[in-house]
Amino acid sequence: MDPVVRSAFIYLALLVFLRLAGRRTLMQMTSFDFVLLLIIGEATQNALLQNDSSITNALLVILTLISLDIAFSYVKQRVPIVARWMDGLPMIIVRDGRPLKDLMIKARVSEVDVLTAARESQGLERMEQIKCAVLETTGSISIIPRHLP
Amino acid sequence: MVRNGDLEINEDLQFQRRMWKVERMGWSAMAILLIGALLGLFGNGPVSWTTASGESLFVEYQRFGRYQAPLQLRLHLQAGLVKDDILSFYLDRAFLADVQITRVTPKPVVEQPISDGIRFIWSSNAKDGSMLVTVSYQPEHIGLLTSRMGVGDAASLSIRQFIFP
């Protein structure tokens, strides 16, 4: 019973924490975010396994985590409201070369981030060349170029 | 899927604003938890440490502990308790059942099982001055831990601790 309850609790707690951190936190991985991810993994490990290095315990933990993952994906597919709250929705942050400032501030995305994404994915040089920029649910920014005359 | 300009996208700004509001509330909750943790709400801090006094002894202990994390009882035994060079102290069965005692300092000469727990016996010839005895232990049970203890045959004193998972 123990490993199942323990892993379920940690799964849910991590879900809430990472969700509250927002999509920008762990998605656009800087080297520091990578270290953060490692530390979170390390901190979680002991609580998950708790002095019990048996194969049974490890398998029960893995079993629980994967089952929860399947269960959540199933529920998300059937109940859109759950999916919205768990993953968020995509949001347009630049329209016709004009950044939507108040939305960007709330989502903690800067114009520099948008321009970086524009250069990386489309080779664009200026904000005005962007028709649309969308902050996706994964935390990445997708760019649709504008064809200027 | 909704059309938004040329984009086929399920954007919903109203939902987005609601989500941000919940997100900010979540941040406040996280801040409150953090402050609580710094104060000792989850063990080891000013809110956690407290004392209880009874007949011939007073105990410093923590209100909050964590599962399998080290805790300590600091027992201050009053002067004049030594009889025939012997000083004794007992802990009840509930304490024994729910924690693992890792160390008692100073080391008792005898550890005696008694009907309702365990008795520690030290040999001492101190006639005055109070004595400090520490019991280090790890909770093995989650939830409320109520334990009774006492010196010699004196009436027992009970303390309550909450053990977080």
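The values are calculated or read from the model by the stated rules, or taken from the named source; none is laboratory data. If you're wondering where the values come from, they're calculated on a predicted model, not measured in any experiment. Virtual Cβ from ideal backbone geometry, glycine too; neighbours counted across all protein chains shown. Remember, those area values only see protein heavy atoms, side chains included, never the ligands or the DNA or RNA. Shrake-Rupley method; radii C 1.70, N 1.55, O 1.52, S 1.80 Å.
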Revision key, fill the gap. If we ask which residues in region B:45-58 are under 15 Å from B:Gln72 (Cα atoms) and buried (at least 18 other Cβ atoms within 10 Å of the Cβ), their number turns out to be 1
Review point. Quick check: anything in region B:74-82 on the phi < 0 side of the Ramachandran plot, touching a Gly at 6+ places or on another chain (Cβ under 8 Å) and assigned to a strand (DSSP E or B)?
Key: no
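Residue-by-condition table, conditions (1) within 20 Å of B:Thr51 (Cα to Cα); (2) hydroxyl-bearing (Ser, Thr, Tyr); (3) open to solvent by 50 Å² or more (accessible area, probe 1.4 Å):
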{"site": "B:Gln68", "(1), (2), (3)": "no, no, yes"}
{"site": "B:Leu71", "(1), (2), (3)": "yes, no, no"}
{"site": "B:Ser88", "(1), (2), (3)": "no, yes, no"}
{"site": "B:Arg93", "(1), (2), (3)": "no, no, yes"}
{"site": "B:Gln100", "(1), (2), (3)": "no, no, yes"}
{"site": "B:Val104", "(1), (2), (3)": "yes, no, no"}
{"site": "B:Lys107", "(1), (2), (3)": "no, no, yes"}
{"site": "B:Pro113", "(1), (2), (3)": "no, no, yes"}
{"site": "B:Val133", "(1), (2), (3)": "yes, no, no"}
Review point. Residues that are more than 14 Å from every other protein chain (Cβ to nearest Cβ) and within 12 Å of the chain's Cα centre (by Cα): which strands (runs of 3 or more DSSP E) entirely in region B:108-165 hold 1 or more of them?
Key: B:131-139, B:143-151, B:157-164
Check your understanding: If A:Ala133 satisfies every condition in (1) in the same structural domain as A:Ala13 (by TED's automatic domain parsing); (2) of a type in the set (Gly, Ala, Ser); (3) not in a helix (DSSP H, G or I) but one, which is the exception?
Key -> (1)
Study note, to complete from the structure: Flagged in region B:100-115 as hydroxyl-bearing (Ser, Thr, Tyr) and farther than 17 Å from B:Gly152 by Cα, in numbering order, are B:Thr102, B:Thr105
Revision key, fill the gap. Output for Cβ contacts, cut-off 6 Å, separation at least six or different chains, first residue on the phi < 0 side of the Ramachandran plot in region B:12-40, second of a type in the set (Val, Ile, Thr) and at pLDDT below 95, reads B:Leu39/B:Val47
Study note, to complete from the structure: Heads up, the helices (runs of 4 or more DSSP H) in region A:1-78 (entirely inside) with at least 1 residues that are loosely packed, with under 13 Cβ neighbours inside 10 Å and modelled with pLDDT of 90 or more are A:2-21, A:31-49, A:55-78
